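Worksheet: one structure, shown below.
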Amino acid sequence: MEKYKQEFIEFMVDCGVLKFGDFVTKSGRKTPFFVNTGFYRTGAQLRKLGEYYAKAIQNTFGTEFDVLFGPAYKGIPLTVAASMALSEHFDADIKYCSNRKEVKDHGDKGILLGSPIADGDKVVIIEDVTTAGTSIEETLPIIKAQGNVDVLGLVVSVDRCERGKGEKSALTEIQEKYGFKTTAIVTMKEVVEHLYNREYKGKVVIDDTLKAAIDAYYEQYGVK
C-alpha cells in the first residue's frame, strides 16, 4: 500500500472522521463503521485533506481538467481544499464550484457557488464517501444543466467497497451507469488491512471483535 494511503488512514483516525461502533448510513444500512468528513474542523486538517484528495485526483484524472465540483454541503470545503492543493502541489489552476441547496434569486443569482460551468468544460466531482450512489443522481443533473460539459469522473475519500443498488459496488455501478471513472483516496479494505491487530498510538483500532463485525457487514452488503 502506498505511503500516502497509510498516512491518510491514520489521519482519519486522528481527526475522528473514521469511527467504529453502531451507525446507520444514508441508504439505511446498519454499519459498524462510519466516515464523517464533517469532523475535519481546522485549517490544518483541511489543508492536509486537500493534499490527499489532490494526490488521488492527479493519479486518476491528471490535472488537464477545468472544474472541480463539490455537491453541497460537505462538498463545498472539499472542493476548496482540493483545488488549493492542486494549485500548490501540481501547479494546476483548477476552478472550484458547488451548488446551493436553494436557488438564489438576488445578488449573485443562480444555483452555483464559485466558478460558473461553461460548454466544453471538463469536470471532476468530489464527494466525501459514497455508499449506494444516491447523491450522484442529484448532482449530475445540476452539472449537466449548465451546458455541454464533459464529466470525467468522481473522487471520494473512502470507497466503502459495498454493493450499491444491485450486486456490484456503488462506485462500479456509477462508473457503468454514467460512463466515467471513479476513484478513492483509500478503500475500506485498505483501511482494515492497515489497522487490523496493529497498535496505533497505544491502541489497537480494529481488534478481532470489530473485525468480525466488519466481516459480517460485508457478508451482507459486500460485493459478491
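The values are calculated or read from the model by the stated rules, or taken from the named source; none is laboratory data. All values reported here derive from a predicted model rather than from experimental measurement. Backbone-built Cβ (ideal geometry, glycine too); neighbour counts: all protein chains shown. To get the accessible areas, we keep the full protein, side chains included, count just its heavy atoms, and leave off ligands, DNA and RNA. Shrake-Rupley method; radii C 1.70, N 1.55, O 1.52, S 1.80 Å.
Here are the numbers for this structure:
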quantity: Subset of the range 193-224 [open to solvent by less than 40 Å² (accessible area, probe 1.4 Å) and in a strand (DSSP E or B)]; calculated: Tyr200, Ile206, Gly222
quantity: Members of the range 181-192 that are surrounded by fewer than 16 Cβ atoms within 10 Å (Cβ to Cβ) and of a type in the set (Asp, Glu); calculated: none
quantity: Residue that is touching a Ser or Thr at 6+ places or on another chain (Cβ under 9 Å) and either of a type in the set (Gly, Ala, Ser) or free of Cβ contacts under 8 Å to residues at least 12 places away in the same chain (or both), where the choices are Ala44, Ala82, Ala118, Ala72; calculated: Ala72
quantity: Residue, farthest from Ala56 (Cα to Cα), within the range 149-192, restricted to residues that are touching a strand residue (DSSP E or B) at 6+ places or on another chain (Cβ under 6 Å) and of a type in the set (Gly, Ala, Ser); calculated: Ala170
quantity: Single unsatisfied condition, Glu167 versus (1) open to solvent by less than 20 Å² (accessible area, probe 1.4 Å); (2) at pLDDT below 90; calculated: (1)
quantity: Near pairs, Cβ below 6 angstrom, 6+ apart or cross-chain, from the range 1-30 (closer than 16 Å to Lys203 by Cα) to any residue that is assigned to a helix (DSSP H, G or I); calculated: Ile9/Val191; Ile9/His194; Cys15/Phe39; Cys15/Gln45; Gly16/Phe39; Leu18/Met12; Phe20/Leu210
